[in-house]
1. Cα-Cα over 28 Å: which of 86/122; 122/175; 122/219?
2. For the ranges 200-206, 161-167, what's the packing order if you count other beta-carbon atoms within 10 Å of each residue, average per peptide, and put the highest first?
3. Can you figure out the FRET efficiency of residue 62 with residue 170, using R₀ = 30 Å and their beta-carbon distance, to the nearest 0.05?
4. Would any residue of region 177-210 have its amide N under 13 Å from a label point 7 Å out along Cα→Cβ of residue 108? List them or say none.
5. At residue 161 and residue 121, where each label point lies 7 Å from the Cα along Cα→Cβ, what is the point-to-point distance in nanometres?
6. With a cap of 15 neighbouring Cβ atoms within 10 Å, and only residues DSSP puts in a loop, list the trypsin sites (Lys or Arg not before Pro) found in region 118-161.
7. How far is it, in nm, from the label point at residue 81 to the one at residue 138 when both lie 7 Å from their Cα along the line to the Cβ?
8. When only Cα pairs under 8 Å and 6 or more residues apart are kept, what is the percent relative contact order across region 82-221?
Amino acid sequence: MTDREFILSFSRFKREFLQQSGLEKGQLGVLEMFEKWLQMRDNDKHEENIPASGTYFNIIKDWRVLLEDICRRVEKYLMKRGIVIKCLSAAHWGQAKGSALCLVLPNRQDIFYRLCRTQPRKGPYSGQKIIKGELVLDGHKHSLFLPLLHYQAEMERRLGFRLERESARVEESGKYRFKICFPLNKERILTYDCDEIARLLTEFIFVTQEYIEKINAAKTG
């Protein structure tokens, strides 16, 4: 049996176990991590046959594949730090006709991270193509967004870069996000650059989740 066949069999047996055991998905953290590890291991084997130098994505034609590649790398890096996160299409995650990708933690169904390519009409990146990663906290102004603002400077010191917010007008409409943006001022992006974006997104998710857990612990402590 090949690794790929084993992964498919494991996924099928896991589904059967879920149906028969009556357990919720959130209670199967170790199984989720093991399945993700198998997938990452299979991907790593595939990547060994692809030359790293000189490979690139065409920003115009391959941007969807580019985003999927970045998400897959984020999944891999977080997995190594003991965090399971799933990449879903925005449409699958309930976002209206979105082409963005959503990174979702199994134990947090109310907030998520979103990755997309956009070209803002206003603001510091006006007219530029950018890749944007954001922590979406809509509906959690008082429970999470405002408490996180208290830690914003501390988070930025740890991350080594500034966390951006929506404009005051957008926040008044109920959209509360922390964002990091990566300008794309060329037609092609090297896989090396994709990996750097993935590593920064990994740190962004890792650090912000740590403070979210800290805020939740203070509420229940």
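We did not get these values from a lab; they are worked out from the coordinates using the rules stated. The model shown is predicted, which means the values in this text are computed figures rather than measured ones. Positions of Cβ are generated from backbone atoms using ideal geometry, with glycine treated the same way; all protein chains shown enter the neighbour counts.
1. The answer is 86/122; 122/219.
2. Highest mean packing first, the order is 200-206, 161-167.
3. 0.50
4. 177-179, 202-210
5. A separation of 2.7 nm, rounded to one decimal place.
6. 121, 122
7. 2.6
8. Relative contact order comes out at 19 percent.
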